[in-house]
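In what follows, a structure is listed as structure tokens, so that the remarks can point back to it.
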Amino acid sequence: MATWDLSRTKHHVLICNGSSCMRKGGEEVTQAIRAEISRLQADDEIHTSRTRCNGRCEDACVVIVYPEGVWYKHMTEENASLLVQQHLIAGDPVHHLISHQYGGERFVRTEETSKGIMRSTKKK
Ligand code: FES
């Protein structure tokens, strides 16, 4: 149990630990992101949370960065340090790993990202 002081937090990183992401290395991605943040002594500026499924299992492993609203897909242990160094430290999102990004009114999907299904059309 912990109650962190978030007054210096610049980024909140949601790391999907749902079942699909965990089958594709979600634990290793979580550990690699957290280790790189600690190595760079950025723990006070970058807060991470494990989540359950974020509804984009085809993109596993999914990592989401706020306040920018950038959704990353196909995260691996190997590209975790790139995400931390380039986006979270240098402020330059890693474009080839982005699936969706908040565009002012809604989230915009990149060209290579699968469309998925609208929740409103799902059979109940
Ligand atoms: S388990 Fe990660 S998006 Fe579904």
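The test for being within 29 Å of R8 (Cα to Cα), touching a strand residue (DSSP E or B) at 6+ places or on another chain (Cβ under 6 Å) and charged (D, E, K, R) does not hold for R39. Restricting the search to segment 69-100, which residues are in a loop (DSSP other than H, G, I, E, B) and of a type in the set (S, T, N, Q)? Once the filter is applied, which keeps residues that are in a loop (DSSP other than H, G, I, E, B) and of a type in the set (S, T, N, Q), segment 69-100 yields T76, N79. Among the residues of segment 5-22, just one is more than 16 Å from the ligand (Cβ to nearest atom), in contact with a strand residue (DSSP E or B) (Cβ under 7 Å, 6 or more places away or on another chain) and among the polar types (S, T, N, Q), namely T9.
Considering (1) at pLDDT 95 or above; (2) more than 10 Å from the ligand (Cβ to nearest atom), the lone condition that A2 does not fulfil carries the number (1).
For segment 95-124, the candidate set comprises residues that are surrounded by fewer than 17 Cβ atoms within 10 Å (Cβ to Cβ) and among the aliphatic types (A, V, I, L, M); within that set, the residue that is nearest to T48 (Cα to Cα) is V108.
The set of residues in segment 42-68 being more than 13 Å from the ligand (Cβ to nearest atom) and either within 9 Å of the chain's Cα centre (by Cα) or part of a strand (DSSP E or B) (or both) consists of I46, H47, T48, S49, V65, Y66.
Name every residue in segment 35-57 that is among the polar types (S, T, N, Q) and closer than 21 Å to I89 by Cβ, in order of residue number. Selection gives S38, Q41, T48, S49. Scanning segment 13-53 for residues that are under 15 Å from Q86 (Cα atoms) and either of a type in the set (F, W, Y) or in contact with a His (Cβ under 6 Å, 6 or more places away or on another chain) (or both) gives a single hit, I46. Only a single criterion out of (1) within 16 Å of the ligand (Cβ to nearest atom); (2) over 17 Å from C21 (Cα atoms); (3) not small (G, A, S) is not satisfied by T76, namely (2).
The values are calculated or read from the model by the stated rules, or taken from the named source; none is laboratory data. Treat the numbers as computed from the prediction; the structure is a model and nothing was measured. For neighbour counting, all protein chains shown are included, and Cβ atoms are generated from backbone atoms with ideal geometry for every residue, glycine included.
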